[in-house]
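Student: Below is one structure. I have some questions about it.
Here, each number is a calculation from the coordinates, and none is a lab measurement. Fair warning: this is a prediction, and the values are worked out from it, not measured in the lab. Heads up, the Cβs are rebuilt from the backbone with ideal geometry, glycines too, and the neighbour counts pull from every protein chain shown.
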Amino acid sequence: MTEEEYVRMKNILNTVIEQQALFAENHLKAEKRMDRAEDRMNSNAEAIAALLTIAEVHEQERVASDERVNAKFAEVAERFAQTDERMNALVNVVERYITRG
């Protein structure tokens, strides 16, 4: 092997070593980015789960509130019906009183 061939081989090996070091550095950076992305995904998943839990609680509260409102409307409707009956009875009494005289 001549000195020229030796220098050429040494340069090639140095280039390969530099490329390998760069590859290892880039690989490490990519792993760190993936770890951060994974952490964010896990954090997002936890946040989504918490939001879903809150949404379920709100839905349960809304349903309970709707049931209370419906019960009140039914109660008011019943009272209006009773009042209507009383008003009709009063109108009948007044009409009889007026027609008799």
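Student: Could you point to the residue in Asn70, Asn26, Ala89 farthest towards the positive end of the chain's charge dipole, with +1 and -1 charges on the Cβ of Lys/Arg and Asp/Glu respectively?
Tutor: The one lying farthest along the dipole's positive direction is Ala89.
Student: For the chain, with only Lys/Arg (+1) and Asp/Glu (-1) charged at the beta-carbon, what is the dipole magnitude about the Cα centre, in debye rounded to 20? Walk me through the numbers on the way to the answer.
Tutor: On the way: 14 positive and 20 negative charges, 144 e Å.
For the chain, the charge dipole is close to 700 debye.
Student: Where the only charges are on Cβ atoms (+1 Lys, Arg; -1 Asp, Glu), what is the dipole of the range 26-79 about its Cα centre, to the nearest 20 debye?
Tutor: Charge dipole, the range 26-79, about its Cα centre: 360 debye, nearest 20.
Student: Could you give the semi-axes, largest first, of the ellipsoid that matches the chain, computed as the square roots of 5 times the alpha carbon gyration tensor eigenvalues and rounded to whole Å? Don't skip to the end; give the middle numbers.
Tutor: On the way: eigenvalues 1793, 22, 4 Å².
The answer is 95, 11, 5 Å, longest axis first.
Student: May I ask which residue of His58, Met41, Tyr6 lies farthest towards the positive end of the charge dipole of the chain, with charges of +1 (Lys, Arg) and -1 (Asp, Glu) on Cβ and the Cα centre as origin?
Tutor: His58
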